[in-house]
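The values are calculated or read from the model by the stated rules, or taken from the named source; none is laboratory data. Just so it is clear, the structure is predicted and the values come from calculations on it, not from any experiment. When we count neighbours, we look across all protein chains shown, and the Cβ atoms used for this are built from the backbone with ideal geometry, even at glycine.
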Amino acid sequence: MGKAIGFIGGGNMAEGIINGLLASKAKSTSEILVKEILEERKQYLNETYGIKIIEEMAEIANQADILILAVRPQDAESVALELSNYITEGKIVVSICAGIQISRLNEWLGSHIKLARIMPNTMIQVKKGYSALAFGDGFNKEEEADVQVITDAIGKTLILPESQFDAFTALGCAGAEWVILFAAALTDAGVETGISRENAKKIVYENLEAVGRMLATSNKHPYQITDEMNTPGGIGIAGFHSFQSAGLGGIVMDAVNAAYKRTVELG
């Protein structure tokens, strides 16, 4: 049997990770434990995934090899302080609580605990996109790999210094929403020019997937690709002019910076 993962909190993000771990066969149902306070949620998780529900903090602290702190940020301190009464030296705790730094977790749980922090991928339902992962002190390579199993199960993993987590949140997490907004606008534009909404969506969504693959696999700068696509006096360059006139680059950069500042404020 592999290392057991214990979730303290069984909300939507915890469920997404649980689903990923089971779907990827990274973990079996016997290797996943959850401590959740809501009765309806306990029943749902047990019936849906067949995982074990733990009632007491002492029990999950003892049974799990890796503990995932998956509560609301405003509840993190009280839950961590309760956990500190039962957790033993060398145990690994992974936080997915937004804005809670490893140094604060150390204060609550004690310096004898190995701490890591994850900013989960927002496209968790389709197992695409990056999650950010940062490690505190004391991890060996095997332990780092054990933790990375969690993020690999819900997409891809980007190991970053914790100091870059706010920037990652603004670009990596909120950025997906803005791509959706742009896709919706392109779809509306297709409808306005006479294409059915169903077909407009097909065209736009397929283009998004194709462009993402092209950008990810090409060594070319994005502007090099658009230069090659824009023929003199052609269709693409006419629309490109409109984007440039509206200041598309500045709008996007302003949005990312606004999200970054808000992330810092919430932290």
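Here are the numbers:
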quantity: Test for residue 121: is it of a type outside the set (Val, Ile, Thr) and in contact with a Gly (Cβ under 8 Å, 6 or more places away or on another chain); calculated: yes
quantity: Residue pairs meeting the criteria (Cβ under 9 Å; at least 6 apart or on separate chains; first assigned by TED's automatic domain parsing to the domain that holds residue 180, in the stretch 231-260; second assigned to a loop (DSSP other than H, G, I, E, B) and among the polar types (S, T, N, Q)); calculated: 236/230; 237/230; 237/231; 240/230
quantity: Residue selected from the stretch 91-106 under the condition farther than 19 Å from residue 266 by Cβ and not hydrophobic (A, V, I, L, M, F, W, C), by the criterion surrounded by the most Cβ atoms within 10 Å (Cβ to Cβ); calculated: 91
quantity: Residues being closer than 18 Å to residue 124 by Cβ and of a type in the set (Ser, Thr, Tyr) - total across the stretch 168-202; calculated: 1
quantity: For residue 130: the one exception among (1) in contact with a helix residue (DSSP H, G or I) (Cβ under 7 Å, 6 or more places away or on another chain); (2) farther than 22 Å from residue 23 by Cβ; (3) without any contact (Cβ under 8 Å) to a residue 60 or more places away in the chain; calculated: (2)
quantity: Candidate set: the stretch 163-203, residues that are hydroxyl-bearing (Ser, Thr, Tyr) and without any contact (Cβ under 8 Å) to a residue 40 or more places away in the chain; chosen: the one farthest from residue 261 (Cα to Cα); calculated: 196
quantity: Test result for residue 148, in the same structural domain as residue 66 (by TED's automatic domain parsing), polar (S, T, N, Q), in contact (Cβ under 8 Å) with a residue 60 or more places away in the chain and farther than 19 Å from residue 87 by Cα; calculated: no
quantity: Residue that is surrounded by the most Cβ atoms within 10 Å (Cβ to Cβ), among those in the stretch 140-151 that are of a type in the set (S, T, N, Q) and either under 9 Å from the mean Cα position of the chain (by Cα) or not in a loop (DSSP other than H, G, I, E, B) (or both); calculated: 151
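The rows are residues; the columns are (1) over 18 Å from residue 173 (Cα atoms); (2) at pLDDT 95 or above; (3) surrounded by 21 or more Cβ atoms within 10 Å (Cβ to Cβ).
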position	(1), (2), (3)
74	yes, no, no
79	yes, yes, no
89	yes, no, no
126	no, no, no
138	yes, no, no
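Yes/no per residue for (1) surrounded by 18 or more Cβ atoms within 10 Å (Cβ to Cβ); (2) within 30 Å of residue 135 (Cβ to Cβ); (3) in contact with a Leu (Cβ under 9 Å, 6 or more places away or on another chain); (4) of a type outside the set (A, V, I, L, M):
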site	(1), (2), (3), (4)
178	no, yes, no, yes
182	no, no, yes, yes
185	no, no, no, no
195	no, no, no, no
198	no, no, no, yes
